[in-house]
Amino acid sequence: MAITDLTPGFSDPVRDAAVSFRIILDAMARPGEVKSLPVVAPVPAPLNAAAVCVALSLLDSDTPYWLAPDLRNDRIIGHLSFHTGAPFEPDYKKAQFAFFPVEDLATVMQDLSIGTDEYPDRSATAVALVAGFGATGGVRLTGPGIETANDLSPVGVTPAGWKALERNSILFPLGVDILFAGPESLAAIPRSTRLTELEA
Amino acid sequence: MTTETQDEGLEYNFAYLDEQTKRMIRRALLKAVAVPGYQVPFAGREMPMPYGWGTGGIQVTASILESEDVLKVIDQGADDTTNAVSIRKFFQRVAGIATTEKTEEATLIQTRHRIPETPLSEGQILVYQVPIPEPLRFLEPRETETRKMHALEEYGLMHVKLYEDIARHGHIATTYAYPVKVNDRYIMDPSPTPKFDNPKMNRCAALQLFGAGREKRIYAVPPYTDVVSLDFEDHPFEIQGWDQPCSICGDSTSFLDEVIMDDQGTRMFVCSDTDHCASRQAQGYQGPGQEAAE
């Protein structure tokens, strides 16, 4: 791949990473609230804007990441490698960050690292790419960060996907933290959140 | 509000820390928020001030700061004491951000051992400077053991400690760094805040982040999270009270500091939260000290 094929990263890396992180932190601290992206960096297909935002603000040489086969191509691996220095990890069980289409949630969640009893922080962060967030259906969320209850309906989560997330919350304090990355916004369901499925 | 531009020719990276350090701390913060009350180890850096001066809180603040933030720094409730002034100046210098002494105006508040009297709102983040993050440390010095105790939720020892207080003094004598249970799982040290502030942590609308620089730990309490002070049915948790109001503003609900006035034993009690006291004075409230002076 020639250097001219590279897509640019953040236009102002220090500022853009800071404002992007604040949105991610806010989303993680308030599960189920959909947060608009403050900046949009160029997106190499088939990633989306929020996934790129998360990658550019959180990945570096210390964080092996995994891409689902549907998202994997030389251009994207080259892009993330150039802008973040993060190593691509072919085995998703060893990855600290896993990027995948939300339809794969149930299968990917089975094997991502959930941390250990003594170090629950040594777990993976899942970045599930979604087409957007719907108005109905989905799940009702309760727990830390939520005043009463928040409803969240990422487009494309399968019934098996919701079951996987319910299992994940039972593992608390172990478990995976999930970021739903959309084309304009993102939302999170950390492991501390409890879920109840809603009728569509 | 004041802003101060950086000295010409001497440029720091925004908010002093390099970007890789910020990313490492940011990842630790996300884990801390996801597991409320659990202490996440992080690779704490040396800061241009000694341990004990808030290096943990400063690293957390530096990693979450953005240029639009308005920063307030308090030291035991006061905006104008050494630690608060020097940290505020540090961030004005290395980040060029706006600062304030008004609690309502701040988006980010770094604190040493107090929570402002004004209730915090959803748009705010409170960053605590923490000296010793491990609540079990004085009961069990080995990190390997305390880590196992947290993993197994084996907290009986902490209740024994509180019980011994009752056996010896007739009441729970712990008045600061009073242990709390977060989200019904982890026992957490609320940093050496007076226990008076513990109820403010419970279901607080703001995000609370804790940084311990020497011990290299970060932990967090997300908004609206249950934070319960440990107690017994027959010895319920109680906060401190005073039998007189603040001498300056007359408030009888805020946390008061005792100030020695002379060598004859004269003393006065004043609000520890200087912004709270000043805004009450601006509203025309007067305490017994002021009335006597007139």
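The values are calculated or read from the model by the stated rules, or taken from the named source; none is laboratory data. Keep in mind it's a predicted model, so treat the numbers as computed, not measured. Note that each Cβ is placed from the backbone with ideal geometry, even for glycine, and that neighbours are counted across all protein chains shown. When the accessible area is computed, the model is the full protein with side chains, heavy atoms only, and any ligands, DNA or RNA have been set aside. Shrake-Rupley method; radii C 1.70, N 1.55, O 1.52, S 1.80 Å.
Rounded to the nearest 0.05, what FRET efficiency do B:A278 and B:T253 give with R0 = 22 Å and r taken as the Cβ-Cβ distance? Could you check?
The value I calculate is 0.85.
Using only the Cα atoms of region B:18-88, what semi-axes does the equivalent ellipsoid have when each is the square root of 5 times a gyration tensor eigenvalue? Give whole Å, largest first.
22, 14, 14
Tilt of helix A:159-170 relative to the longest C-alpha principal axis of chain A, in degrees (0 to 90, nearest 10)?
Roughly 80 degrees, rounded to the nearest 10.
What is the diffusion coefficient of region A:7-197 in µm²/s, taking the Kirkwood radius over Cα pairs and the Stokes-Einstein relation at 37 °C with a viscosity of 0.692 mPa s?
Using the Kirkwood radius from Cα pairs, D works out to 200 µm²/s.
Before anything else, pin down the relative contact order of chain B: Cα pairs under 8 Å, at least 6 apart, normalised by residue count, whole percent.
20 percent
Cα atoms only: what Rg and Dmax, in Å, come out for region B:164-294?
Radius of gyration, then largest Cα-Cα span, for region B:164-294: 17.9, 54 Å.
What FRET efficiency comes out for the pair B:H235/A:D91, r = Cβ-Cβ distance, R0 = 60 Å, nearest 0.05?
Result of the calculation: an efficiency of 0.65.
Quick one: 3J(HN,Hα) in Hz for region A:93-98, Karplus 6.51/-1.76/1.60 with θ = phi - 60°, rounded, Gly and Pro as x.
5, 9, 7, 8, 10, 10
From zero up to wherever the largest Cα-Cα distance of chain B sits, split into 5 Å bins and tell me the percent of pairs in each.
1, 5, 11, 15, 17, 16, 13, 10, 7, 3, 1, 0, 0
Counting trypsin sites (Lys or Arg not before Pro) as exposed when in a DSSP loop with at most 15 other beta carbons within 10 Å, what is the longest stretch of chain B free of them?
Longest gap between qualifying sites, sites excluded: B:1-101.
Chain pair A, B: how much accessible area is buried, both chains summed, with a 1.4 Å probe, in Å² to 100?
3400 Å²
For the protein assembly as shown, what % of the accessible area comes from carbon and sulfur atoms, probe 1.4 Å? Working shown, then result.
Working: 10430 of 20560 Å².
The C+S portion of the solvent-accessible surface of the protein assembly as shown is 51 percent.
On the principal axes of its Cα set, how long, how wide and how thick is region B:84-171? Give whole Å, largest value first.
Principal-axis extents of the Cα atoms in region B:84-171, largest first: 49, 32, 25 Å.
State log₁₀ I(q)/I(0) for the protein assembly as shown at q = 0.09, 0.10, 0.12 Å⁻¹ as given by the Debye formula over alpha-carbon point scatterers of equal weight, solvent excluded.
-0.65, -0.79, -1.10
With every protein chain kept in place and ligands, DNA and RNA left out, what is the accessible area per residue of region A:7-197? Probe 1.4 Å, answer in Å².
The answer is 36 Å² per residue.
Between helix A:74-84 and chain A, what is the angle of the helix's C-alpha long axis to the longest principal axis, kept within 0 to 90° and rounded to the nearest 10?
90 degrees
Chain A: longest stretch without exposed trypsin sites (Lys or Arg not before Pro) (DSSP loop, at most 16 other Cβ within 10 Å), sites themselves excluded?
Between the exposed loop sites, the longest stretch runs A:123-200.
Would you mind getting the Kirkwood hydrodynamic radius of region A:26-106 from its Cα pairs, rounded to one decimal in Å?
Evaluated over region A:26-106, this radius sits at 13.4 Å.
Taking every DSSP beta bridge with both residues inside chain A, roughly what % is antiparallel (nearest 5)?
Here the antiparallel bridges make up roughly 50 percent for chain A.
Under the definition of Cα pairs under 8 Å and six or more residues apart, what whole-number percent is the relative contact order of chain A? Spell out each step's value before the answer.
On the way: 436 pairs, mean separation 48.1, N = 200.
That works out to 24 percent.
Hull surface divided by four, with the convex hull built on the Cα atoms of region A:89-200: how many nm²? Don't skip to the end; give the middle numbers.
On the way: hull surface 27.3 nm².
Projected area, direction-averaged: 6.8 nm².
What is the distance in Å between the Cα centroid of region A:121-200 and that of region B:130-163?
Value for the Cα centre distance between the two parts: 32 Å.
Take the Cβ-Cβ distance between B:R168 and A:E197 as r, set R0 to 56 Å, and report the resulting FRET efficiency rounded to the nearest 0.05.
Rounded to the nearest 0.05, the efficiency is 0.60.
Tell me, what are the semi-axes, in whole angstrom and largest first, of the equivalent ellipsoid of region B:251-294 as set by the roots of 5 times the Cα gyration tensor eigenvalues?
Semi-axes from the Cα gyration tensor: 20, 14, 8 Å.
Run the quick spin-label model on B:D80 and A:R15: label points 7 Å from Cα toward the beta carbon, then report their separation in nm to one decimal.
If labels sit at B:D80 and A:R15, their model points lie 3.5 nm apart.
Region B:18-126: which chymotrypsin sites (Phe, Trp or Tyr not before Pro) are DSSP loop and have at most 16 other beta-carbon atoms within 10 angstrom?
The qualifying sites are B:Y51.
Of all GluC sites (Glu not before Pro) in region B:134-233, which ones are in loop regions per DSSP and have a Cβ with at most 10 other Cβ atoms within 10 Å?
Filter output for region B:134-233: B:E233.
On a 29 Å Cα-Cα criterion, which of the cross-link pairs A:K35/B:K89; A:K35/A:K163; A:K35/B:K195; B:K22/B:K89; A:K93/B:K181; A:K35/B:K148 come out too long? Provide the component values of the computation, followed by the final result.
Working: A:K35/B:K89 32 Å; A:K35/A:K163 24 Å; A:K35/B:K195 35 Å; B:K22/B:K89 20 Å; A:K93/B:K181 32 Å; A:K35/B:K148 37 Å.
Violating the 29 Å limit, Cα to Cα: A:K35/B:K89; A:K35/B:K195; A:K93/B:K181; A:K35/B:K148.
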